[in-house]
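The values are calculated or read from the model by the stated rules, or taken from the named source; none is laboratory data. Everything numeric here is computed off the predicted structure, so don't read it as measured data. As a convention, Cβ positions derive from the backbone with ideal geometry for all residues, glycine included, and neighbour counts pool all protein chains shown.
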Amino acid sequence: MTDPSAPAWRTGESEFDLSLRGVGKIYPGNPPLHVLKDVTLDIAPGEFVAVVGPSGSGKTTMLSIMGTLDAPSTGEVWIGGVATGRLGEAERSRLRSDRIGFVFQQFFLLPALTALDNVATGMLYQGINKRNRRRRALEALDRVGLSARASHRPTQLSGGEQQRVAIARAIAGEPTILFADEPTGALDRAAGRRIVHYLRDIADAGTTVVVITHDQELAALFGRRISLLDGAIVGDERELVSR
């Protein structure tokens, strides 16, 4: 029997890159801490989404669960039609490697490596040979406007450039979904807006982009904004935004 709560299907696969059904997260205690409460949503391929809310609203927990870094206490997460709760840890790790990219507020670049090698290193566990890793790394740096800085080390780059290297590292493996957790949090306003511009270009090229932010002004630059408060979705808006 077909599960009516499951995401929509098309030719045997979900029409959505990401679906959550009744997702909750509870940490034990006295009383228990309900960080997420009955979160249900669908995100289609190529959507450019901001999940916005104040500190403590459950945004980072939600990202960890969407990216299969953490498991929900209740409910289910589908990635491209795959019910992730039915996978073993090795299978989830492979799913993350094949289909998901992550960008964080901190850049996590290796200081001894060039920008090119930092990006190429991100593909070590995908079974891609060295020559193709470097080729794809250079292509990814070009997509974020940094091919001319490929030989520079992190200390020779600005904060905004370092975050663009981190984005290049995340997209070089050609994920279907890119998750970013406060990617502009360590940058000034102008650099932050440039990062959003590059992320939007990535979404326009077909990668689903989901960004966690507390910044309402920045969230206004996204085509879809999901508002989170006290672990629950309290708003889901779509509109055309100006470039």
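In table form, for the structure just shown:
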| read-out | value |
| --- | --- |
| Residues (surrounded by fewer than 20 Cβ atoms within 10 Å (Cβ to Cβ), assigned to a strand (DSSP E or B) and in contact with a helix residue (DSSP H, G or I) (Cβ under 6 Å, 6 or more places away or on another chain)) located in region 67-80 | 76 |
| Residue satisfying all of: in region 219-232; more than 16 Å from the chain's Cα centre (by Cα) and at pLDDT below 95; farthest from residue 39 (Cα to Cα) among these | 221 |
| Filter result for residue 200 (of a type in the set (D, E, K, R) and over 25 Å from residue 99 (Cα atoms)) | no |
| Unique residue being crowded, with 23+ Cβ neighbours inside 10 Å and among the hydroxyl-bearing types (Ser, Thr, Tyr) when the list is 208, 176 | 208 |
| Single unsatisfied condition, residue 215 versus (1) over 26 Å from residue 37 (Cβ atoms); (2) surrounded by 14 or more Cβ atoms within 10 Å (Cβ to Cβ); (3) of a type in the set (D, E, K, R) | (1) |
| Hits in region 149-158 - residues which are within 10 Å of residue 115 (Cβ to Cβ) and part of a helix (DSSP H, G or I) | 149, 154, 156 |
| Condition met for residue 42 (within 28 Å of residue 217 (Cβ to Cβ) and not small (Gly, Ala, Ser)) | yes |
